[in-house]
Amino acid sequence: MNPFNQSKKEIRTTFEIDLLHIAQAKEPTKPPHPWTAEVIIPASGCIACGWDADENLVLISSSGYSLTQAITGTVIHRDRDSDLTEDPMSGDYLSFRIPLSGQDIPIFGFESGDGIHVTNDGWMLEVIHPWWPRASVILDQAFVPNYEYLKQATMIDLNRLDGKIKCGFSPSGKHFVILGSGGALLYSRE
């Protein structure tokens with residue numbers, strides 16, 4: 001018997017298929033209130049990011065790094081020295097020493113760690129793949145009565161980001177970033 005002509009058995013449960021349909025029915029949009037401040041950071045070759053002590057976004061690319069104020073998008077510092085990408089990176093790619101301040105920060109990205117995915121007040125951020133291999137990001141408020149996964153979630157419009165996607169909240173939970181190889185989307189609440 002030819003193995004290519006065999007019909008494939010569905011291995012997903014009805015529950016899993018229903019979740020897939022719910023995810024695929026979501027329309028990508030802007031995050032809900034209170035996530036009103038949006039900053040788009042175009043940057044090619046992004047590999048990782050993190051937050052400094054003041055919760056400015058540290059964006060690390062193959063051509064240096066930058067510090068950006070989360071709410072306003074003001075670039076605080078940009079260094080295009082590619083040696084300032086590799087040299088300050090820890091051997092395990094989980095932390096980065098900011099050359100400007102000497103501060104060590106945890107990072108997440110494509111070859112490093114993973115971001116913070118739940119805030120203290122229950123906001124949840126997750127990369128899902130309802131149209132695999134295309135990534136989507138959902139934002140949801142998990143600490144609500146009768147919470148159901150994906151039911152009230154917002155699928156965030158990734159604008160111009162594609163390919164591999166990473167996301168994470170700042171330590172305070174006041175900001176979150178979505179990282180793609182072409183830059184970052186940064187959202188804040190006040």
For the chain, what does the relative contact order come out to in percent, with C-alpha contacts under 8 Å and a separation of six or more?
24 percent
Derived scalar couplings ³J(HN,Hα) [region 161-173; Karplus, 6.51 cos²θ - 1.76 cosθ + 1.60; whole Hz; x for Gly, Pro]:
7, 8, x, 5, 10, 10, 8, x, 8, 6, x, 7, x
Alpha carbon Rg of the chain, scaled by the compact-globule rule 2.2 N^0.38 Å:
1.15
One would report the antiparallel percent of DSSP beta bridges in region 65-190, rounded to the nearest 5, as 95 percent
Size descriptor, Kirkwood hydrodynamic radius, that averages inverse alpha-carbon separations across region 74-163, Å:
16.0 Å
With a 1.4 Å probe and all protein chains left in place, how much of the accessible area of the chain comes from carbon and sulfur atoms, in whole percent?
53 percent
With DNA, RNA and ligands ignored, accessible area of residue 75 (1.4 Å probe; Å², nearest 10):
90 Å²
Between helix 14-25 and the chain, what is the angle of the helix's C-alpha long axis to the longest principal axis, kept within 0 to 90° and rounded to the nearest 10?
60 degrees
Going Cα to Cα from residue 151, which aspartates and glutamates come in below 16 Å? Please leave out same-chain ones fewer than 8 positions away.
16, 18, 27, 126, 140
With Rg from the Cα atoms and Rh as the Kirkwood inverse mean 1/r over Cα pairs, region 64-113 has an Rg/Rh of 0.97
Below 21 Å, Cα to Cα, which lysines can residue 166 reach? Residues fewer than 8 away in the same chain don't count.
26, 30, 174
Per the helix-only calculation at 222 nm, which mean residue ellipticity applies to the chain, given -39500 (n - 2.57) for every DSSP H run of n ≥ 4 and division by its residues, nearest 500 deg cm²/dmol?
-2500 deg cm²/dmol
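The values are calculated or read from the model by the stated rules, or taken from the named source; none is laboratory data. Because the structure is a prediction, the values reported are computed rather than measured. Heads up: the accessible areas ignore ligands, DNA and RNA and are worked out on the full protein's heavy atoms, side chains in. Shrake-Rupley method; radii C 1.70, N 1.55, O 1.52, S 1.80 Å.
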